[in-house]
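Take a look at the structure set out below.
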């Protein structure tokens, strides 16, 4: 079974929202209580494509439906609520540089599941990755990943935040390979990059001006040698792909682990992470 993540644009001054999913030709309300935010996960769905819409509610009066949207069902997802607070997630594995700080689950009101996966490293540089053991399978070659995240100014000297996913990762540290895609504050770039045998390969970066301490979504798609990425603020309409690149120079092919990546002195939080194996 899988989940579909529904998002919509916020409406000022309302009491909350309802979400309706099309089932057997009829749209059926999914929530028993009003939804306070602009994100809702519909769980326990069979694989497939679904249609849904949201309504806003004010003083028990419901608005007309928003535009009907198609939503992706994720093969793997987590809102980190199943993990123990103030500990590293027990079915994710640190890769490459394992010294210094790392990823820790924290309680946070307002997060999708009430918890976030926090990355904070203020003591040392180095390439750090965290692989999700559930995806350490031969099927994790071509994937589409969505995550919800918030960046902060780091306590380190670089003053940057660097939430990125890593696809087709390999280990041991003497053979660091993987694609690292995501957003890096400080340089304000939406990045499509790679590490090949430990050497950095900048495939394509584009400039964006996003805000620290605001929630964003990032979506990354790696299929064959083609790479796509986009980032948008929570509550905004999901855009078309904003950055695209093809790796024609010694591409990383075949199976590899999927997870997260960060370099050096960084700080950010993630409260939802979903993966579709293509």
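Quick look at the values:
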| quantity | calculated |
| --- | --- |
| Test result for residue 202, in contact with a strand residue (DSSP E or B) (Cβ under 9 Å, 6 or more places away or on another chain), within 23 Å of residue 140 (Cα to Cα) and without any contact (Cβ under 8 Å) to a residue 24 or more places away in the chain | yes |
| Residue that is surrounded by 15 or more Cβ atoms within 10 Å (Cβ to Cβ), modelled with pLDDT of 90 or more and assigned to a strand (DSSP E or B), where the choices are 14, 19 | 19 |
| Answer residue from segment 165-189, given it is under 25 Å from residue 39 (Cβ atoms) and modelled with pLDDT under 90 and is surrounded by the most Cβ atoms within 10 Å (Cβ to Cβ) among those | 182 |
| Any hit, segment 250-260, residues being touching a helix residue (DSSP H, G or I) at 6+ places or on another chain (Cβ under 7 Å), surrounded by 19 or more Cβ atoms within 10 Å (Cβ to Cβ) and either at pLDDT 80 or above or not in a strand (DSSP E or B) (or both) | yes |
| Residues satisfying the stated conditions in segment 70-119, i.e. assigned to a loop (DSSP other than H, G, I, E, B) and at pLDDT below 80 | 72, 75, 97, 98, 99, 100, 101, 110, 112, 113 |
| Cross-chain or 6+ apart pairs with Cβ under 6 Å, segment 211-235 first and assigned by TED's automatic domain parsing to the domain that holds residue 162 and within 23 Å of residue 246 (Cα to Cα), then loosely packed, with under 13 Cβ neighbours inside 10 Å and modelled with pLDDT of 90 or more | 228/241; 230/241 |
| Among the residues listed as 47, 41, the single one being closer than 19 Å to residue 275 by Cβ, at pLDDT below 90 and surrounded by 11 or more Cβ atoms within 10 Å (Cβ to Cβ) | 41 |
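The values are calculated or read from the model by the stated rules, or taken from the named source; none is laboratory data. The structure displayed is predicted, hence computed values, not measured ones. Every residue, glycine among them, receives a Cβ derived from its backbone with ideal geometry; neighbour counts consider all protein chains shown.
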